[in-house]
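Just below is one structure, and these are the notes that go with it.
The values are calculated or read from the model by the stated rules, or taken from the named source; none is laboratory data. The model shown is predicted, which means the values in this text are computed figures rather than measured ones. For neighbour counting, all protein chains shown are included, and Cβ atoms are generated from backbone atoms with ideal geometry for every residue, glycine included.
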Amino acid sequence: MAVETADRPTGELTKEQMLALYRQMVQIRKTEEQLARAHQAGLVHGACHTYVGEEAVATGVCAHLRTDDTVLSTHRGHGHALAKGVSPASLMAELFGRTIGCSHGRGGSMHIFSPEVGMLGTSGIVGPSILMAAGAAYAFKLHKTDRVSVAFFGDGGSNNGAFHEGLNLASIWKLPVLFVCENNQYATEVPFATVAGNPNVAERAIAYGLPGRRVDGNDVVAVYEAAGEAVRRARSGQGPTLIECVTYRTRPHSEGMRDTGYRTREEIEQWRARDPIVRLRAKLRLEGIATDDELRQIDTGIQTSVDEAFEMAKNSPYPDPRTALDHIYSSGE
Ligand SMILES: Cc1ncc(C[n+]2csc(CCOP(=O)(O)OP(=O)(O)O)c2C)c(N)n1
């Protein structure tokens, strides 16, 4: 698949903004690496789909969001949750089934809810983030607010009927929503190019009457710029935008699954060379924004905070079995 290879210049971003993007990506990476180790150690209950390699997307998009804006996410949602403001401790504790988890340990990786920071949920079902984000955006419009809603979904999600329904509805009602396709080029182990009549997802926007942008999803500045324009459009009542971020996951689809067989080791290595964190580090050094020492200090600080979060999460108790029926309701008899 043809993708841009040249980094975008930093443009209008200040040093602080650039470093904030860097910190966010490193926080996601280090949390995911910790979760992968925790999965191997048997601490994670249920599946664990990491976001390693795709950090620039959540980071570049969520940098524009306020706490009262909302994010709807997928099975690969740890990065979205962190970038929206869920803490590493409450994310990890959720995967470990512990009480300090953001869903009190009752949901796990695919039910990460934290409405107080606008994280409206991850989902094990492919596609519904698109419809739920359109629904939240409809509520924002009815309440005459300038809040925006974001749907993250994969290339596989873009072949689901929800994509057609959500984009069409958002377009005719000019809803304040961003549809962010994380095209990591595989749906589990199926290459997107083999299941898409037109593998350029951004081009599909034309069919629904909304703008479509295709960006290098491993360049956080490119994602940040495209998302900034889409958020401004949404807040000012001009309606939805589809952004396709071309990216790659460098770990298996889910922890414990195979890494190759459907893709080659060489392909993975080529994409590792285009790692979004490595690229931003190089850019920060090249443009004199940060020195190696400063970046190392940031990395160490984040590693320490993730280590502390891990200890806190794994030392948190499991929910008391007597509370098993709490938070459950039924409107029926
Ligand atoms: C409606 C639905 N169909 C099928 C599945 C099984 N499934 C789980 S993950 C996945 C692949 C999703 O690929 P993509 O949307 O590209 O996201 P990625 O895993 O690449 O991030 C599939 C098909 C599902 N969970 N939900």
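State whether the residues of region 153-160 include one that is charged (D, E, K, R) and either at pLDDT below 95 or near the ligand (Cβ under 10 Å from one of its atoms) (or both). The answer is yes; a qualifying residue exists. Might you check whether a residue that is over 15 Å from the mean Cα position of the chain (by Cα), under 30 Å from THR264 (Cβ atoms) and either within 16 Å of the ligand (Cβ to nearest atom) or among the small types (Gly, Ala, Ser) (or both) occurs anywhere in region 128-144? No, every residue in region 128-144 fails to be over 15 Å from the mean Cα position of the chain (by Cα), under 30 Å from THR264 (Cβ atoms) and either within 16 Å of the ligand (Cβ to nearest atom) or among the small types (Gly, Ala, Ser) (or both).
Contact map, region 305-332: residues that are modelled with pLDDT under 95 paired with residues that are basic (Lys, Arg), Cβ distance under 9 Å, separation 6+ or inter-chain. Pairs shown: ALA324/ARG106; ASP326/ARG106; HIS327/ARG106. Of all residues in region 206-228, those being in contact with a helix residue (DSSP H, G or I) (Cβ under 7 Å, 6 or more places away or on another chain) and either without any contact (Cβ under 8 Å) to a residue 60 or more places away in the chain or over 30 Å from THR14 (Cα atoms) (or both) number 7. Of all residues being touching a residue at least 40 places away in the same chain (Cβ under 8 Å) and acidic (Asp, Glu) in region 161-191, which is farthest from the ligand (Cβ to nearest atom)? Just the residue, please. Per the stated criteria, the residue is GLU189. Regarding region 229-248, can at least one residue be identified that is farther than 19 Å from THR50 by Cα, without any contact (Cβ under 8 Å) to a residue 60 or more places away in the chain, assigned to a loop (DSSP other than H, G, I, E, B) and touching a helix residue (DSSP H, G or I) at 6+ places or on another chain (Cβ under 8 Å)? No: region 229-248 contains no residue that is farther than 19 Å from THR50 by Cα, without any contact (Cβ under 8 Å) to a residue 60 or more places away in the chain, assigned to a loop (DSSP other than H, G, I, E, B) and touching a helix residue (DSSP H, G or I) at 6+ places or on another chain (Cβ under 8 Å). Close contacts from region 118-129, counting a first residue that is closer than 21 Å to PHE140 by Cα and a second that is more than 10 Å from the ligand (Cβ to nearest atom) and basic (Lys, Arg), with Cβ to Cβ under 7 Å and a gap of 6+ residues or different chains, come to GLY118/LYS84; MET119/LYS84.
When THR194 is tested against (1) over 27 Å from HIS78 (Cβ atoms); (2) of a type outside the set (A, V, I, L, M, F, W, C); (3) buried (at least 19 other Cβ atoms within 10 Å of the Cβ); (4) within 16 Å of the ligand (Cβ to nearest atom), only condition (3) is not met.
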